[in-house]
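No value in this document is a laboratory result; all are computed from the given coordinates. Computed from a predicted model, the values in this text were never measured in an experiment. Heads up, the Cβs are rebuilt from the backbone with ideal geometry, glycines too, and the neighbour counts pull from every protein chain shown.
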Amino acid sequence: MDTIASLFSFITTPVSWVIVQFHKVYGALFGDDSGWAWGLSIVSLVVLIRICLIPLFVKQIKSTRNMQVLQPKMKAIQERYKNDKQRQSEEMMKLYKETGTNPLSSCLPILAQSPFFFALYHVLSSIASGKKIGAINQDLLNSAREAHIFGAPLAAKFTDSVEKVTALDASLTDVRIVTAIMIVLMSASQFFTQRQLMTKNVDLTVKTPYMQQQKMLMYIFPVIFAVMGINFPVGVLVYWLTTNVWTMGQQMYVINQNPTPGSKAQDAYLQRVLKSVTSHGEVRGRTRRKMVKAIVAKGSDRNDIERKFITGLGKLGLAAQEDGSVAKSETATAEAEGGQAHKRQQPKRQTKAKRQTTGATAGGAKEAEPAAAGSKTSLQKKDAPQDDQPKSAGKPASGSSRQAKSGQRKGPQRPKHPSKK
């Protein structure tokens, strides 16, 4: 352990120094040996690290947006190679390479936090073992060992023995209750963060490897952290729970302010914008105008949610402008009303029994028409004058009423030439 800690001293020393600086501030308020002073120092360390990781988070958002732009192309590849999964994967990877998109970019913040997590783990493990590390001297070491959070020492673990917990002046029951609650909260916050992303901020009309990856992480990560959590000191659990809560809040803000096109979050966002336009007659807010501007620029490539928003503006007698604002437009109102009228004029689908009844009635009518036509023709023939009937030369007209012999044409025959009698 000492060898590993010495190899990573370039990480543990800065982390321990930052904790010491925060402890000086909170120690003046709560006391140097207070668990709140050390606990808030760890929370402040998390906040500082996450602020430093904001550029990576912005890069993650951009990569996510690139994935959203590629959704139609991904869907086309899926439909084209739906029977060849290997070719489908190859075409997907080719598309990622051409556009410079990395589907694994969502893991960047977690990977970037790993060194700090490792450093904090070694700092707290050294405190539990009574060893000085980095910027923590003997006085600070003794103070940290006496610090408790809800009765559990910062350096205690769920798997610690009774003797070790007693040496830290604590009860094993208190340690296990506190650590169990923190592990559950840590895993639940991890799961909720991923689930929020999958259910609200993803276009579910297109299934991609990216979505499958996110779905897998949603179930795997909470289990991993729950299993690993029993070996984490209380201080590390405070660190990880804080970073999960930060991630969850940060993601909620992004979903509410910049949702993914085609997602449920976009539908809710545009409904809020439409409600605001109804109340104030204009698009308020720079972010909202930017969103409306992007929808106008899409033109015919808008998704169903965006078309619904444009139609809603038309019902209000408004039309979205290229700069993201709205203006009164009678044309938009007419188009919205015309679309509704056309939709109302569509015939209802008949039941199978009704279609069969209608078909039988139509068939009977068709059969009745030739019969009626035949009757009409026979009546016409019956009523016709006798002079109009063709007669055979030298033979009475009654011969035409006899049936035609085999091989002869039916109906009236032409008179034979006198020389052939």
(Q) Can you give the FRET efficiency to the nearest 0.05 for SER300 and GLU98, using r as the Cβ-Cβ distance and R₀ = 22 Å? (A) 0.35
Q) Ordered by packing density, taken as the mean number of other Cβ atoms within 10 Å over each peptide's residues, highest first, how do 156-163, 28-35 rank? A) 156-163, 28-35
Q: Apply 1/(1 + (r/R0)^6) to the Cβ-Cβ distance of CYS52 and GLN196, taking R0 = 25 Å, and write down the FRET efficiency to the nearest 0.05.
A: 0.55
Q | Net charge of Cβ neighbours under 15 Å - reference ALA37; Lys, Arg +1; Asp, Glu -1 | A | -2
Q) Sorted by packing (mean other beta-carbon atoms within 10 Å per residue), highest first, where do 36-42, 253-259, 265-271 land? A) 36-42, 265-271, 253-259
Q. With labels modelled as points extended 7 Å from the Cα through the Cβ direction, what inter-label distance (nm, one decimal) is found for SER325 paired with VAL184?
A. 5.5
Q: Scan around LEU318 for amide H atoms under 5 Å from its own, H built in the peptide plane at 1.01 Å from N, and keep only partners 5 or more places away or cross-chain.
A: SER329
(Q) Quick check on segment 2-257: take the gyration tensor over C-alpha atoms, sort the square-rooted eigenvalues as a ≥ b ≥ c, and tell me if it's rounded (a/c under 1.5), prolate or oblate. (A) prolate
Q: Enumerate the amide H contacts of ILE149 below 5 Å, restricted to partners 5 or more residues apart or on another chain; note that Pro and chain-start residues carry no placed amide H.
A: LEU154
